[in-house]
Amino acid sequence: MVTGASSPIGSEVALRLGDAGYSLALLGFRHPEALARLGGVLDRRGVEHLCLRTSLHHQEGVDRVLAWLESEGIGPDAVVSLAASGVMRPLGELSAHHLDWTFGVTSFPIALLGARLRPRKLVAISSTGAVRAVAGYGAVGAAKASMEALLRYLAVELAPATSVYGVRVGLVDGPAAERLSNFSKVRERVLSATPMGRLVTPEDVAELVAVLVREPLEMLTGTILDLDGGMGISI
């Protein structure tokens, strides 16, 4: 199962897993047209899949997903969480509703779904903003940091049946990052600090996720892997 499948990264992850022979349960919400396009591509490739448009905001959304999976007779072997949403503003401009929405979509669902579904593999996508301050990214960054903490607890509580991994992704060119008010400056700084000399791509993320889903790697459980081209280690 892939949540956030209608995003550019989510779509690429779904395509990579489909090409690897997995049947897919795909969740998306904000971009139904993108989810429909993804379904069309998977149809043409002969990949078995089902799609559900739903928000994962808090318990109601999670309950709807669990009911859908049960009705379709799906017990996911792996869950890949890319669902995320949030208001990109300075903290002083945020309301309690903004924070509730951001955490309710980005952080909490992975804990609720993981604990109930107990798949063989659980992979969640975080971001560098979880450990570094990025202007206007406070709500999402804090939600991602919360998600990383929840992954560590899931790794302990669901072991040994479930292996849990986080992928902390660096800056990716795309609609989400471009919502940052100072995106062009952030992009320049990240590029100058990245030894590999380029930004992360959705294909980079999909390749790593596919490896984590496919390979045993049980002893990596609880690990948050940095996928940032070396930016986090440069001075």
Boolean, GLY166 is in contact with a Leu (Cβ under 9 Å, 6 or more places away or on another chain) and closer than 29 Å to VAL65 by Cα: yes
Search result, residues across the stretch 89-123 that are in contact (Cβ under 8 Å) with a residue 40 or more places away in the chain, aliphatic (A, V, I, L, M) and over 17 Å from ASP63 (Cα atoms): LEU91, LEU94, LEU99, LEU122, VAL123
Single residue of THR128, THR162 found to be of a type in the set (S, T, N, Q), within 22 Å of LEU220 (Cα to Cα) and over 16 Å from the mean Cα position of the chain (by Cα): THR162
Test result for ARG132, charged (D, E, K, R), assigned to a helix (DSSP H, G or I) and surrounded by fewer than 21 Cβ atoms within 10 Å (Cβ to Cβ): no
Among residues of the stretch 148-196, those that are in a strand (DSSP E or B) and not polar (S, T, N, Q), counted: 7
Matching residues, the stretch 64-81, being in contact with a helix residue (DSSP H, G or I) (Cβ under 9 Å, 6 or more places away or on another chain) and of a type in the set (D, E, K, R): ASP77
Selected residue (criterion: nearest to ILE224 (Cα to Cα)) from residues of the stretch 181-204 that are out of contact with any Lys or Arg (no Cβ under 9 Å at 6 or more places or on another chain) and of a type in the set (A, V, I, L, M, F, W, C): VAL200
Of the criteria (1) surrounded by 14 or more Cβ atoms within 10 Å (Cβ to Cβ); (2) at pLDDT below 95, which one LEU52 fails: (2)
Flag if ALA124 is surrounded by fewer than 20 Cβ atoms within 10 Å (Cβ to Cβ) and of a type outside the set (D, E, K, R): no
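The values are calculated or read from the model by the stated rules, or taken from the named source; none is laboratory data. The structure displayed is predicted, hence computed values, not measured ones. Cβ sites come from the backbone with ideal geometry, for glycine too, and all protein chains shown count toward neighbours.
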